[in-house]
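Below: the structure, in C-alpha cells.
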Amino acid sequence: MNFQNKYCQGDNATDHHNEVDKIEWQSLNSYHISCIEDEEIINEGNDNEKQTDTHLECTSDNKLSNESEHEDTGCTDQLLHGQFQQMAALLMQGTEEFIRKVWREGWSLVQHQHLPAWLKDNNFLVRSHRPELNSYKKCFLSIFRVHTETVNIWTHLLGWLGFLAILVVVMSQPIDHLPLQDKLIIMCFFVGTVLCLGFSWLFHTVFCHSQKVGKIFNKLDYCGIAFLTVGSFIPWLYYSFYCRFIPKVVYMTLIVILGTFALIVSMFDKFATPPYRPLRAGIFIGLGLCGAVPCLHYIIVEGFWSGIYQSSVGWLSLMAIIYITGAVIYAARIPERIFPGKFDIIFQSHQIFHVFVVLESFS
Ligand SMILES: [Zn+2]
C-alpha cells in the first residue's frame, strides 16, 4: 500500500511530477510560444519598423531625390537667372560707359546763329546744331546723340542697311535662278539705292567735320540722288520696252545722259549753297519727271490699261508723286518755316524728304 501509495505517491509523484513537468512544459511551451510569438511580434515589429524605416528611408530618399531634383532645377533656374542678371548688368554697364564716352567727347550743341557761315544751312532750325567737330571719330559718335541731324542720319542709315542686305541676296542668286542679264538690270536699282542712302547718311554724319570734308560729302549726297533716279528707271524701261529694242535703248541712254548732267551740276561748289536750294530741287524733280515721256509713249502704243497692269504705270505715278512732294517740302522747308525752332529735332522738312526717298525706293 505504502509502496502502492509510494508508487501511487510515486505515480502520483510522478504524475505530479509529470503534471508539474507538464505544467512546466506547458508553461515553458507557452512561454516559448509566447516568446516565439513575442519574438515574432518583435521581429514583425522590427520588420515593420524595418519596413517602416525602409519605407521612411525610401520616402525620405525619394523626398531627397525629389528635393534634389527640385533643388537642381531651382539651382539651374537660379544660375540662369543669375547669369542673365550678370549679363544684363554688364550690358547696362557697357551702354552706360559708351554713353559717358560719347558725352565726354567734349562738345555741346549750339544755336544756328553761333554756327560758322559754311555750316549755316537752314535758319528755321534754331537750336541743337552740332558745332564744327574736326574729327571723324566725334562725327561718327555724334550718331548716338540727339541733334538736328540725328533723324536724318538714322532714316537713311537704316534704309541703307535694309537695301544692302537685299543687294547681297540678289547678287548671291545662282545664274540658273536669275539670268545674268536680269541680275545686272535689277542690280542697277539696288546699287543706285544703296549708293544714294549710303552717301546720304555719311554726308549727314560728317558734314560738320570741316568745310572741306562737308563740301566733298555734300557733292556725294547729290550724286546719290542722281544714282537713285537713274537706277530706278533702268529696270522699268528695260522690262516695259522688252520687245521694242530702239525705244528701250533711246530712253535708257537719255536717262543716263540726264543723270550724268545732274552729277556734273552737283560738282559745282555753288550748287550746294542755300540760295541754290530751289535749283537743286528743280534739277532733281526734272530728272524724275523725265520718266513721264516713256510712260506716255507706252500708254499711246499699248493702251492705258496695259500701262496700268503690264508696266506698273500706276506705281510709277505714285513714285513720282512721292518724289515730287518730298522735293517740294525740301525746297519750301515746311513745317519749320511756319514754326521756326519747333522742329529742330524731329519732323523737319529734310527728315520728311528722307522718309519719302525710302518709301519711294521700297515702292
Ligand atoms: Zn539728306
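Here, each number is a calculation from the coordinates, and none is a lab measurement. What you see is a predicted model; the values in this text were computed from it and never measured. Note that each Cβ is placed from the backbone with ideal geometry, even for glycine, and that neighbours are counted across all protein chains shown.
Going by a ≥ b ≥ c, the root eigenvalues of the Cα gyration tensor, does the range 89-197 fall in the rounded group (a/c under 1.5), the prolate group (a/b larger than b/c) or the oblate group? Intermediate values should be presented prior to the final figure.
Details: a/c = 3.85, a/b = 1.81, b/c = 2.13.
The shape class here is oblate.
With viscosity set to 0.890 mPa s at 25 °C, what whole-number translational diffusion coefficient in µm²/s follows for the range 193-264 from Stokes-Einstein and a Kirkwood radius over Cα pairs? List each step's numbers first, then the result.
On the way: Rh = 13.3 Å.
Estimated diffusion coefficient is 185 µm²/s.
The number of Lys pairs in the range 112-362 with C-alpha atoms less than 15 Å apart, excluding pairs fewer than 8 positions apart on the same chain, is 6.
Can you give the Rg/Rh ratio of the range 112-362, where Rg is from the C-alpha atoms and Rh is the Kirkwood radius?
1.00
Could you tell me which of rounded, prolate or oblate describes the range 287-326, using a ≥ b ≥ c as the square roots of the eigenvalues of the alpha-carbon gyration tensor, with rounded for a/c under 1.5 and, failing that, prolate when a/b is larger than b/c and oblate otherwise? Can you show the working numbers first?
Details: a/c = 3.66, a/b = 1.71, b/c = 2.14.
Oblate shape, in that a/c is at least 1.5 and b/c is the bigger or equal ratio.
Take peptides 345-351, 303-309 and line them up by average Cβ neighbours within 10 Å, highest first, as a rough protection proxy. Can you show the working numbers first?
Details: 345-351: 18.3, 303-309: 13.4.
Result, highest mean first: 345-351, 303-309.
Once a ≥ b ≥ c are taken as the square roots of the eigenvalues of the Cα gyration tensor of the range 237-347, is the result rounded (a/c under 1.5), prolate (a/b larger than b/c) or oblate (a/b not larger than b/c)? Mind dumping the intermediate values first?
Details: a/c = 3.95, a/b = 1.74, b/c = 2.27.
Here the range 237-347 falls in the oblate category.
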